[in-house]
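Rule-based calculations on the coordinates, nothing more; no lab input. All figures in this text were calculated on a predicted structure; none of them were measured in a lab. Every residue, glycine as well, gets a Cβ built from its backbone with ideal geometry; the counts of neighbours run over all protein chains shown.
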Amino acid sequence: MWVFMSSIKKNNLFLLEEIVKKNFSSKYKDSVLGIFWSILRPLLLMLLFTIIFSTIFKKNIENYEVYFLSGWCLFIFFTGAISVSMGSLKANKNIILKTPAPRHIFVLGSIISEFFNFIITILLLACVMIITHASFYWSTIAFSIIPIISLTIMITGIGLMLSVACVYYTDIQHLWGVVTLVLMYGTCIFYPIEIIPEPYRHYVMLNPLFWVIDQFRCCVFYGNFPPMLDVINSLLLSVIILILGIIIFKKYEKKISMKF
Amino acid sequence: MNQKKTHLESKKSSNKNSNNKLIFTQNQRDALKSKIIEKFGVSVEESEKILLEIEKKSNNKVSTNTSSNVDLKNNALSKNLNNSKRISKIDENNVRSSNKKRIQKINVNPKINNLDEENIISKSKNNKNNEKVKSSIKKKGIEQNKFTVDKTSSSQNNFPKKHNPKNKNVDSILQNIVPDYNSQISIEVNHVDLTFEVQNEKIDTLKETFVRTLKRNKSKKIKIHALKDVSFQIHKGEKVGVIGYNGAGKSTLLGVITGIYLPDKGTVSTVGKISPLLSLGAGFDQNFSGRRNIMLNGAVLGYDKSFLESKVDEIIEFSELGKFIDIPLKNYSSGMLAKLGFSIATVVEPDILIIDEILGVGDVNFQKKCRDKIMSLMDGGTTVILVSHAIPQIRSLCDKAIWIDNGRLRDMGEVNRVCDEYLKDAEKATKEQLENIQFR
């Protein structure tokens, strides 16, 4: 795990810290509400989706607000972190062309700053749960950390891969916008899995993001432990993606400065 | 064994002379001379003179044991000055203060004489028994070895390569004689090749790539061979100037040394902390205040957090920004930005300093400050690599020069010699161009 080994070096840690601070504060720069947009955006979306869909899915979902938000938090973390880390190398072009600062720090920095945003949305989820009198299943909520970990590992792997690919082909960034939309409809964020007809349900099941969101909802929303096999599967897949990402990133890392 | 015998013979001969003189054997002399020539880039005669100087001084020391060190030094200094004056008559422009500096470095190390005396004493005791002498030498081990120079190595190599392990002996001899002499390598560049792939029209969209692969009219990639088999070594404390025409690969070379580019072939190894003064203000964020940007830029340059925090006040003071330091960077003038960048970049005391053109940043006062700061950074044991088109500047600041021509290492050696060659070549090139124009 060279990425983590070398970021343990004191100076790199300092660089990581500064990059995270920079990313975090520049995300909502020049906006009046600033960091509050991290809360406001999912909240507004939640209201919108609740107004439109809550009556339709009343039969399947009793607390639509929490159902939607628990999926949305993870989903927006996934797509947001990847799209930011994709552009992180290009955004820091002037640093990369002038200093030998380790390149993976920029990718990791953007993922970590998105993770802080994610924590804010999780806090929002907790607030909404309190307001809507949802029941807290304390024994399983603690377990929800595992799907979050596997999601973060997956994001790091994909982020490393796509950040390099983006240096070579800019339009991956635009393509990602389409992928985001497809994922949003394909990941059961605002509808229950039951509405998909049986022959197609297996295809939705192939989506690893759906695995993670499903496990997270199991812990937080339904209050039961997700099947152990699923948890191990998704963890394993995430690790494989991470290793692949590291291999690809390491291979092209030094060529980046010559490609700009 | 052979070595030691020759060594003994040399000692014996010196004993026979019975003046307690330190005289090198012919082999040692040859090796030393070539070493001096290589290190200082002087001519053969000059190296002879320097060698004689060394011998004289050491003999003085032995014969007049009572005379104080200071006297000796003064003596040597005046001699050297005379010497350098003599040389300067030959070529006033070339051999200048740098030469004087160089010769001043050559001081006699008392170790040599002490060892010599001990040796002689031991020899007189065991005159008939050679074996015992050998064992006594063995005890002294490494230090004795410094004086034995392998016959074959010195006779073969008039200009010995530094890699040759046999020549380590010469290194250590010089180390004893010249206190400042340091054989520690600080930058080593080994057969470095670097190619940039450039396309005629930049294709960075997927569609373009697909369409062109289907149509099979991919525009050919142009390969720019920026560096071709460049290899050299820079020792600790050396000030090296890099010269060459525009587009010869000077900046690429600096990029390779700092680690921005990875060479296709070959290796680059550096020892110590590198401070590249190529990257003023890399990573500045326009929305942050100057103070925040100090931390950000410092982190990008690889500084320590605690170190940077302790130096913030110094940076602010040096940058002369005063109250502007707490204002967002987007309101700075370009001069202020450059001042801040320079102040952050030069706050460290690096082992290796890399400069791409001496920076004249800011107003007149600050430019002078910049220059002073760079000079102070260049002092001492810092290894300096300076890229500049100002040949006089390189002559005055550097000991050695590297001439890069068309991606190749054309020449490396004493600064004045290389600069002369370079200027000569440049003159020739322009003449050729002029002639071509006339013929048309």
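Normalised by the number of residues in segment A:106-260, the average gap of Cα pairs under 8 Å and 6 or more apart makes the relative contact order 41 percent. Shielding by partners for peptide A:26-39, expressed as the average number of C-beta atoms from other protein chains within 10 Å of each residue's C-beta, is 1.
Where in chain A are the helices, taken as whole DSSP H runs, whose Cα atoms extend 30 angstrom or more along the long axis and whose Kyte-Doolittle mean reaches at least -1.0? Qualifying helices: A:64-86, A:104-131, A:145-168, A:228-252. With contacts taken as Cα pairs under 8 Å at a separation of at least 6 residues, chain A carries a relative contact order of 27 percent.
Positive-end ranking of A:Tyr137, A:Ile158, A:Ile76 along the dipole of segment A:53-200, with charges on Cβ about the Cα centre, is headed by A:Ile158. In order along segment B:247-255, phi translates into HN-Hα couplings of x, 7, x, 5, 5, 4, 4, 4, x Hz, rounded to whole numbers, per the Karplus curve 6.51 cos²θ - 1.76 cosθ + 1.60 with θ = phi - 60° and x for Gly and Pro.
Hey, what did segment B:325-440 get for relative contact order, percent, Cα under 8 Å, at least 6 apart?
Value for segment B:325-440: 18 percent.
When Rg is the radius of gyration of the Cα atoms in segment A:34-259 and Rh is its Kirkwood radius, what does Rg/Rh come to? Across segment A:34-259, the Cα-based Rg/Rh ratio is 1.00.
Sorting B:338-348, A:214-224 by average packing, meaning the other beta carbons within 10 Å per residue, from highest down gives B:338-348, A:214-224. Evaluating kT/(6 pi eta Rh) at 25 °C and 0.890 mPa s, with the Kirkwood radius of segment A:42-147 over Cα pairs in the Stokes-Einstein relation, gives 153 µm² s⁻¹. Among B:Lys368, A:Lys255, A:Lys21, the ranking by other beta carbons within 10 Å of each residue's beta carbon, starting with the fewest, stands as B:Lys368, A:Lys255, A:Lys21. This ranking places B:Thr267, B:Thr252, A:Thr50 by how few other beta-carbon atoms lie within 10 Å of each, fewest first, which gives B:Thr267, A:Thr50, B:Thr252. Residues whose amide H lies under 5 Å from that of A:Phe190, counting only those 5 or more places away or on a different chain, are absent; hydrogens are built 1.01 Å from N in the peptide plane.
Let me know the mean shielding of B:372-385 by other chains, meaning the per-residue number of their Cβ atoms within 10 Å of its Cβ.
The per-residue average across the peptide is 0.
In this structure the amide hydrogen of B:Asp264, modeled in the peptide plane, comes within under 5 Å of the amide hydrogens of B:Asp193, B:Leu194, B:Thr195, none closer than 5 places in sequence on its chain.
Taking amide H positions as modeled 1.01 Å from N, with prolines and chain starts lacking one, the residues under 5 Å from B:Val387 and 5 or more places away or on another chain are B:Val242, B:Ile355, B:Asp356, B:Glu357.
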